[in-house]
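*Asks:* Mind looking over this structure? Questions follow.
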Amino acid sequence: MSHNQQSERLAAMISDGQGPVMVSFYNDACADGVCGVQNDYLERLATDLNGSKARFVSIDVDLSPELVEKYQVATLPSAVLFVDGEIETRLSGLTDPGVLACAVLQHVKDGAEWMMRSGNICPIPQRAA
């Protein structure tokens, strides 16, 4: 897939209104270190949330410098959560898996129940009835 196709695919996914999109930014230089650790956290979260509308994408910043500039990524790893086409949360550096989960689960149906089952606790706002 060309860089332009990847950028267009990501833009479409972010703006399609089909659920939150967590984008992880990394490069090969840190893939064996903190970037790899964070991507492992996000892969586990994606597996745990299989069936939800949450989606997870990893972007190699060396292959997509236009996305780095567009989303103002200054630190690796970085995770940016998009909801309804807008940046909802920006997390820089290695982030605790519970914090990553809380960021996504606030925007996933039954997110609070998932957190309770997993034993993880975070402040998830009550949804309007």
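*Asks:* When you check Asp60 against the structure, is it surrounded by 13 or more Cβ atoms within 10 Å (Cβ to Cβ), under 13 Å from Val104 (Cα atoms), out of contact with any Leu (no Cβ under 9 Å at 6 or more places or on another chain) and not polar (S, T, N, Q), yes or no?
*Replies:* Taking the combined requirement at face value, the residue does not satisfy it.
*Asks:* Identify the residue in segment 73-94 that is touching a strand residue (DSSP E or B) at 6+ places or on another chain (Cβ under 6 Å) and not aliphatic (A, V, I, L, M) and, among all such residues, is surrounded by the most Cβ atoms within 10 Å (Cβ to Cβ).
*Replies:* Residue satisfying both the conditions and the ranking: Pro77.
*Asks:* Sticking with this structure for a sec: How many residues does segment 4-30 hold that are farther than 20 Å from Gly85 by Cα and modelled with pLDDT under 90? Steps first, answer last, please.
*Replies:* In the first step, residues of segment 4-30 are kept if they are farther than 20 Å from Gly85 by Cα; the result is 26-30.
Applying the additional criterion that residues be modelled with pLDDT under 90 yields none.
The number of residues fulfilling the criteria is 0.
*Asks:* Across segment 73-92, what is the total count of residues that are over 11 Å from the mean Cα position of the chain (by Cα) and not in a loop (DSSP other than H, G, I, E, B)?
*Replies:* Residues flagged as over 11 Å from the mean Cα position of the chain (by Cα) and not in a loop (DSSP other than H, G, I, E, B) within segment 73-92 amount to 2.
*Asks:* Of the conditions (1) touching a strand residue (DSSP E or B) at 6+ places or on another chain (Cβ under 8 Å); (2) closer than 16 Å to Asp40 by Cα; (3) of a type outside the set (Asp, Glu); (4) crowded, with 18+ Cβ neighbours inside 10 Å, Ala101 clears all except one; give me its number.
*Replies:* (1)
*Asks:* Kindly indicate whether any position in segment 46-62 is modelled with pLDDT of 90 or more and part of a helix (DSSP H, G or I).
*Replies:* No, there is no match, as no residue in segment 46-62 is modelled with pLDDT of 90 or more and part of a helix (DSSP H, G or I).
The values are calculated or read from the model by the stated rules, or taken from the named source; none is laboratory data. Fair warning: this is a prediction, and the values are worked out from it, not measured in the lab. FYI the Cβ positions are ideal-geometry reconstructions off the backbone, even for glycines, and counts take in every protein chain you see.
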